[in-house]
Amino acid sequence: MHFDNLETYGVLYHLYDESELSFLRKEVKSIQDNFSCASPANQELIGHIDHEYFLSDSCKKQLSDTVLPLVQSYLEKYPKFLNRGFLTEDAQIVLHHAWVNFQKKYEYNPVHNHGGIFSFVIWLKIPYTREDEDSISFTKKLHKDALTANGKFEFFYSNTLGELHSHRLPIDPSYENGILLFPSTTHHCVYPFYTSDEYRISVSGNFYFDNSC
C-alpha cells in the first residue's frame, strides 16, 4: 500500500492478492457470461462504454468489507479529511453503489467526478501493454521522448495557488488486482486503448455517509 500526495489530499494505491478478489472475479464472470441478465448501469454513469453493470447486493457487501480497511488507512493518513463540513459525528461510511465496466477498444470515460465521500477503481484485467499502447501515435510530430495517454488513468487537481495539475497513471497488466482509492470529488478520466480486442475490466464504487446505520 502506498499514497500519492496531490498537494492537498492524495490517492491510495494497494495491490490485493488474487485470492482476496476471487469473489469479485466470480461475480464479474457471471455477468460477462450473460450480459442480458445483468442490471445495466449506463443510465447512472457518464462513461462512453457499452457494457456497464451493477454488482449484486451480496457481492457489494463482500466488496465493502474488502475495501473499508483502506478507507480507514486513508483517514489515518489524512485525519483532517472529514473536517470539511459534511460530517455528522455518528455517521458511518457505507458502500452505496458498485459496478463493473467492460471497456472495449476505443471506448473511454471523459473527465468527471463522483458522488459520495470516497470512490475507488479495481483493475481486474488490462489486455494491453504499455509498449504497445505507447507505440500508437496519431501524429508524426510527437516528440521523441513523449509518451501517449493511450489506456491511462488521469487525475486533475489544483494546488494552493489555483494552478491546474494532473497525475497520470500508466495502466498496464501490472495493475491487475490493484485498487485506487480517492476522494469522490477528485476529477479524473480514463483514456481509450487501441491495441487489443479484449475487454479492459474494472470495478468501481462510491462510499457515502449513512446516518441510518
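The values are calculated or read from the model by the stated rules, or taken from the named source; none is laboratory data. For clarity, every value in this text was computed on a predicted model and none was experimentally measured. Neighbour counts run over all protein chains shown; Cβ positions are idealised from the backbone, glycine included.
To keep it simple, each residue is scored yes or no on (1) under 20 Å from Q103 (Cβ atoms); (2) over 12 Å from the mean Cα position of the chain (by Cα).
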residue	(1), (2)
F155	yes, no
L164	no, yes
R168	yes, yes
Y175	yes, no
E198	yes, yes
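Have a look at H112, H96 and point out the one that is touching a residue at least 40 places away in the same chain (Cβ under 8 Å), over 28 Å from G151 (Cβ atoms) and not hydrophobic (A, V, I, L, M, F, W, C).
H96
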Could you check T185 against (1) touching a residue at least 60 places away in the same chain (Cβ under 8 Å); (2) under 11 Å from the mean Cα position of the chain (by Cα) and say which number it fails? (2)
The lone condition E52 fails out of (1) within 21 Å of L180 (Cα to Cα); (2) more than 19 Å from the chain's Cα centre (by Cα); (3) among the acidic types (D, E) is (2)
Suppose the filter is more than 12 Å from the chain's Cα centre (by Cα), closer than 20 Å to A41 by Cα and surrounded by 19 or more Cβ atoms within 10 Å (Cβ to Cβ); does F207 pass it? yes
I'm trying to understand the selection: among the residues of segment 20-70, which are out of contact with any His (no Cβ under 7 Å at 6 or more places or on another chain), of a type in the set (A, V, I, L, M) and either modelled with pLDDT under 95 or part of a loop (DSSP other than H, G, I, E, B) (or both)? A38, A41, L45, I49, L55
